[in-house]
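Reviewing the structure listed below.
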Amino acid sequence: MITAVQKPFNEIFESVKEYGSLLVLGCGTCVTVCMAGGEKEVGILSSVLRLAHKNGGTAADITEDTIERQCDREFFDDVREKIEKADAVLSLACGVGVQYLSELFEGKRVIPGLDTKFYGTTLEQGVWSERCAGCGSCVLGKFGGICPVARCSKSLLNGPCGGSQDGKCEVDPADLDCGWQLIYDRMKLLGILERLEENEPIKDWSTGRDGGPGKIIREDMRL
Ligand code: SF4
Ligand code: SF4
């Protein structure tokens with residue numbers, strides 16, 4: 001899933017306080033799972049915004065709603081009227097949802113309420129960890145199913161670097177596992193350690209962010 005965290009409240013309030021009517025719009029998928037922008041967070045944030053206006057002697061009509069996904073057109077039908085009526089929308093979706101909402105409702109002010117972080121997984125309640133950097137050309141099959149791009153701090157394809165100590169990464173020796181130690185341990189477990197003796201060629205980074213904005217076209221799926 002895409003992970004995100006809510007921006008500091010003061011930053012959010014500063015960015016929305018000028019609007020007389022504001023729709024706080026949540027997203028029911030990834031950011032609900034990572035407890036940043038789902039229905040519950042929309043409710044809490046809306047209440048605190050109302051309180052902040054009251055305490056500051058200002059007034060604003062704050063409405064709230066949450067749709068299944070803000071990155072898909074079909075889910076906006078139910079909230080179209082609310083969006084059109086509001087002066088601005090505070091979107092609690094990831095950066096994809098915020099931008100797609102802006103594209104669909106041109107001329108509407110859309111303010112992000114979250115900081116989008118990474119593609120990751122839930123390790124335990126309240127702890128999320130990055131697993132993929134969306135490089136566009138997956139090499140997991142060569143590295144025992146552990147991603148050197150996302151899990152090595154330097155995205156080394158021929159690691160480890162000299163900073164790997166006792167299984168930890170020099171970027172945060174107290175808390176961060178060395179991605180290459182994880183790769184080594186997994187490949188040893190799988191009995192394929194000898195594969196690491198092969199030099200991994202330079203990766204074509206143009207398939208990811210370095211190649212500019214990505215696009216997928218599936219001719220077999222087009223109408
Ligand atoms: S190799 Fe690329 S696509 Fe595969 S998990 Fe890593 S970043 Fe994601
Ligand atoms: S210590 Fe390990 S994870 Fe950190 S940069 Fe070096 S090889 Fe990568």
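Laboratory data are not the source of any read-out in this text; all were calculated from the coordinates shown. As the structure is a computational prediction, the values presented were derived from the model and not from experiment. Using ideal geometry, Cβ is built from the backbone for each residue, glycine included, and neighbour counts are taken over all protein chains shown.
For this structure, a couple of remarks:
- Stretching K108 away from A133 to a fully extended chain increases their span by 5.9 nm, per 0.36 nm per residue minus the current alpha-carbon distance.
- Segment K154-R50, extension gain: residue separation times 0.36 nm, minus the distance between their alpha carbons: 33.0 nm
- Total charge dipole magnitude, the chain, about the Cα centre, Cβ charges on Lys, Arg, Asp, Glu only, Debye to nearest 20: 80 debye
- Listed by number, the DSSP H helices of the chain that run 18 Å or longer by alpha-carbon position along their axis and have mean Kyte hydropathy of at least -1.0 are 39-56.
- Among L90, L45, F105 the positive-end extreme of the charge dipole of region 2-118 (Cβ point charges): L45
- Cβ crowding within 10 Å averaged over residues, with 147-157, 10-20, 89-99 ranked highest first: 89-99, 147-157, 10-20
- In summary, the convex hull built on the alpha carbon positions of the chain has an orientation-averaged projected area of 16.2 nm².
- Charge-dipole axis of region 2-118 as Lys and Arg at +1 and Asp and Glu at -1 on Cβ define it, positive-most pick from V79, M35, N10: N10
- Each principal axis of the Cα cloud of region 133-211 was evaluated for its coordinate range; sorted largest first, these ranges are 36, 29, 18 Å.
- Computed over region 2-118, the quotient of the alpha carbon radius of gyration and 2.2 N^0.38 Å is 0.96.
- Highest-first arrangement of 76-86, 27-37, 191-201, where packing means the average Cβ count within 10 Å: 27-37, 76-86, 191-201
- Net charge dipole size for region 133-211 [Lys, Arg +1 and Asp, Glu -1 on Cβ; Debye, nearest 20]: 200 debye
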